Amino acid sequence: MCVIIKVSKTKLLDNKHSIYVDKIKEVFIKEIYNKMNFNCNGIYFNKKLVAYRTNTIYNKGKYCFDAAFSREFRKYNLGILSVDFSIEDSCSKKLVYQCEGTGIDSYKLKFTKKVCKIYNVLYKGNTLKSGIIYKTNLSVNTHIENNFLKELNEKIPQGKFN
């Protein structure tokens with residue numbers, strides 16, 4: 001697990017997010033790995049992990065929870081290579097569905113031009129502070145959604161996502 005965390009934290013060099021920076025998320029992810037059927041596909045160079053994808057396997061489908069590649073090896077397109085290996089792994093396991101996780105990274109778009117939007121639901125609580133927290137979270141979520149839709153429209157022509 002420590003090796004995965006080290007590779008994941010290289011995402012910070014590209015201003016991306018590593019779930020292992022947040023201890024609460026790290027504990028949550030570790031619990032998922034302990035309680036669900038999951039696999040980890042890794043790519044090694046000179047016995048050193050340089051890319052990985054962690055996935056849960058459920059109901060004949062594979063769902064990627066986390067993936068990263070070492071930015072030290074950026075020029076080798078390890079993101080594309082790890083998706084390719086993951087697809088090969090899914091085929092060998094006769095899985096019928098594969099989700100590469102959130103985000104519309106360019107390496108994912110080498111394999112598909114179809115994107116499914118994921119939504120979240122936010123409810124206001126019944127305390128005095130909940131109104132402020134709700135409005136703040138709603139504002140943050142709206143900002144994130146608008147940025148995502150802008151990026152989505154730049155990368156994928158209208159009508160290619162559902």
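Tell me the angle of helix 78-92 to the major Cα principal axis of the chain, expressed in degrees between 0 and 90 and rounded to the nearest ten.
80 degrees
Once fully extended, how much extra length lies between Tyr134 and Ser92, figured as 0.36 nm per residue of separation less the alpha-carbon to alpha-carbon distance?
Additional length available on full extension: 10.6 nm.
Which of the residue pairs Lys48/Lys108; Lys47/Lys93; Lys16/Lys155 have a Cα-Cα distance greater than 21 Å in the structure shown?
Result: Lys48/Lys108; Lys47/Lys93 exceed 21 Å.
Give the span of the chain's Cα atoms along each principal axis, as three whole-Å numbers ordered largest to smallest.
Principal-axis extents of the Cα atoms in the chain, largest first: 56, 38, 35 Å.
So if we plug the beta-carbon distance of Phe45 and Glu151 into 1/(1 + (r/R0)^6) with R0 = 30 Å, what FRET efficiency do we get, rounded to 0.05?
0.45
Any chance you could run the full-extension gain for Asn141 through Asp14? It's 0.36 nm times the residue separation minus the Cα-Cα distance, nm to one decimal.
Result for the pair: 43.5 nm of gain on full extension.
At 0.36 nm per residue, minus the direct Cα-Cα distance, what do Lys35 and Lys124 gain on full extension? Give it in nm, one decimal, please.
29.0 nm
No value in this document is a laboratory result; all are computed from the given coordinates. Since the structure is predicted, the reported quantities are computational estimates derived from the model, not experimental observations. In this analysis, Cβ positions are derived from the backbone assuming ideal geometry, glycine residues included, and neighbour counts consider all displayed protein chains.
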